[in-house]
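Values in this text are rule-based calculations from the coordinates and carry no lab data. These numbers come from a predicted model, not from an experiment. Here the Cβ positions follow ideal geometry from the backbone for every residue, glycine too, while neighbour counts run over all protein chains shown.
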Amino acid sequence: MLPLEGVLVLEFCQFMAGPSAGLKLADLGARVIKIERPIHGEGGRQIAIKNLFVDNSSLVFHTVNRNKESYAANLKDPEDLENVKKLIAQADVMTHNFRPGVMEKIGLDYTTVKAINPALIYASVTGYGTEGPWVKKPGQDLLAQSVSGLTYLTGDRNDTPTAMGLAVADIYCGTHLTQGILAGLVRRNKTGKGALIEVSLLESMLDFQFEVITTYLNEPKALPERSKEGNAHAYLSAPYGVYPTADGHIVLAMGSLIKLGEVLECEQLLQYQDPDLWFENRDEIMFILKHFFASHSSEYWIKKMEAEDIWCAEVLDYKNLLEHEGYKVLSFDQVVTLTNGEKVHTTRSPIQINDQKLFSKTAAPRVGEHTEQISKEFNLM
């Protein structure tokens, strides 16, 4: 039995942040029903990566909405809205990511819903919170990354601001939403009371950077300065960074520069005996290592350093990663079969419970695929 079996979640969410939380809850055993507009469904069905579509919905929609059901309802129609309220009365969790004010207009704001179901965990995602000058700004991943300061941490010193190459604000925010919902459920089991859970893309991005923002808030209050080349962390000393080799790239984490110099037999590193110099002279140290590592392959250097317990790794692309035994042993991917018989190769939950990996091969639903079934089950007709 999965830990969330018996928990009913109604998902009024679209795109990535909210649905990714629903996916996590579903993988843990919750029953997640997407409340979607008829015919077209939620907006994420048409937001595609590389313009890839499967069974009339984007591939990324299938990635984040597997293992869910779909109930089609026009929330502007009084009859449909009344049926949705009947569903809410029987649910444990409700999630949405509409802009502030939208749910109030529909009549599904927390105050109204709480009167219908006082034990409900009501969880919402916004872009920038519920007040302030950015309230009406689109809650979109790249925008949230940019205003949060994150784009000044990625890349090298002379690079323009560089965004991370994935929807990190959405995914991290979805994780926070999941944490809040689980906390609300634990509290309800103790008190019988529901809860209002609120997260935002911006606050999730600020939390994502808590270590560097904390550094900035304290002495010396200088803006983070990326290393000239091979930057991996604006506030860490050499040798922390990325280095080219004869056939690829490797990375070095924190460690003793003195020990590194001895293991590599690199006499130039041994002149930096004072650890205070490892940050102060970061660029020149990294420049030395850049040219030193270029003489041999990544495999050569990794073997040499790992034998002496120096923290290092090869930089892999997806092809090399997925062919590596280190990935294969995880059994991290799975295949789901869609309603039309097509198959989607995707990933599983990263969580294991009692030594069991959480596979869930139920594909994402078509719009309204389960409307009739749900209507009968919950006496909505």
>> If the reach is capped at under 20 angstrom between alpha carbons, list the lysines near K193, excluding any in the same chain fewer than eight residues apart.
In response: K85, K86, K114
>> If I take every Cα pair under 8 Å that is 6 or more residues apart in the chain, average their sequence separation and divide by the length, what percent do I get for the relative contact order?
In response: 18
> Which whole-Hz couplings ³J(HN,Hα) result when phi for each residue of region 255-269 is put into the Karplus expression 6.51 cos²θ - 1.76 cosθ + 1.60, θ = phi - 60°, listed in order with x for Gly and Pro?
Replying inline: x, 6, 5, 5, 4, 4, x, 5, 5, 7, 6, 10, 5, 5, 6
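Can you put D355, D317, D27 in order of Cβ neighbours within 10 angstrom, beginning with the fewest? Show your work: numbers first, answer last.
Details: D355 5, D317 8, D27 20.
Ordered from fewest to most neighbouring Cβ atoms within 10 Å, D355, D317, D27 come out as D355, D317, D27.
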>> Need the list of aspartates and glutamates near K343 for cross-linking: C-alpha distance under 12 angstrom, and skip anything on the same chain fewer than eight residues off.
In response: D55
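Considering only Cα-Cα distances, which of the following residue pairs are longer than 20 Å: K24/K137; K328/K357; K34/K137?
Numbers: K24/K137 27 Å; K328/K357 14 Å; K34/K137 25 Å.
K24/K137; K34/K137, as the Cα separations exceed 20 Å there.
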> With Cβ to Cβ distances under 15 Å as the rule, what net charge do the other residues near G44 carry (K, R +1; D, E -1)?
Replying inline: 0
>> Within 10 Å of each candidate Cβ there may be at most 13 other Cβ atoms; applying that plus a DSSP loop requirement, which trypsin sites (Lys or Arg not before Pro) in region 38-118 survive?
In response: K50, K76
> Let a ≥ b ≥ c be the square roots of the eigenvalues of the Cα gyration tensor of region 241-322; is it rounded (a/c under 1.5), or, if not, prolate (a/b larger than b/c) or oblate?
Replying inline: prolate
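Taking 0.36 nm per intervening residue step and subtracting the Cα-Cα distance, what contour gain separates A307 from V335 on full extension?
Values: separation 28, 0.36 × 28 = 10.08 nm, distance 3.80 nm.
Between A307 and V335, full extension yields an extra 6.3 nm.
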> What number, rounded to the nearest 500 deg cm²/dmol, is the helix-based mean residue ellipticity at 222 nm of the chain, given -39500 (n - 2.57) per DSSP H run of at least four residues and division by all its residues?
Replying inline: -10000 deg cm²/dmol
>> Residue by residue through region 372-381, what is 3J(HN,Hα) from phi via Karplus (6.51 cos²θ - 1.76 cosθ + 1.60, θ = phi - 60°)? Round to whole Hz and write x for glycine and proline.
In response: 5, 4, 5, 4, 5, 4, 9, 6, 8, 8
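Would region 1-146 count as rounded, prolate or oblate if I go by the C-alpha gyration tensor, calling it rounded below 1.5 in a/c and otherwise prolate when a/b exceeds b/c, oblate otherwise?
On the way: a/c = 1.41, a/b = 1.10, b/c = 1.29.
Rounded, because the longest to shortest axis ratio a/c is under 1.5.
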>> Along the charge dipole of the chain, pointing to its positive end and built from +1/-1 on Cβ of Lys, Arg, Asp and Glu, which listed residue (A307, V344, Q90) has its Cα farthest out?
In response: Q90
>> About the Cα centre, and with charges only on the beta carbon of Lys, Arg (+1) and Asp, Glu (-1), how big is the dipole of the chain? Nearest 20 debye, please.
In response: 1620
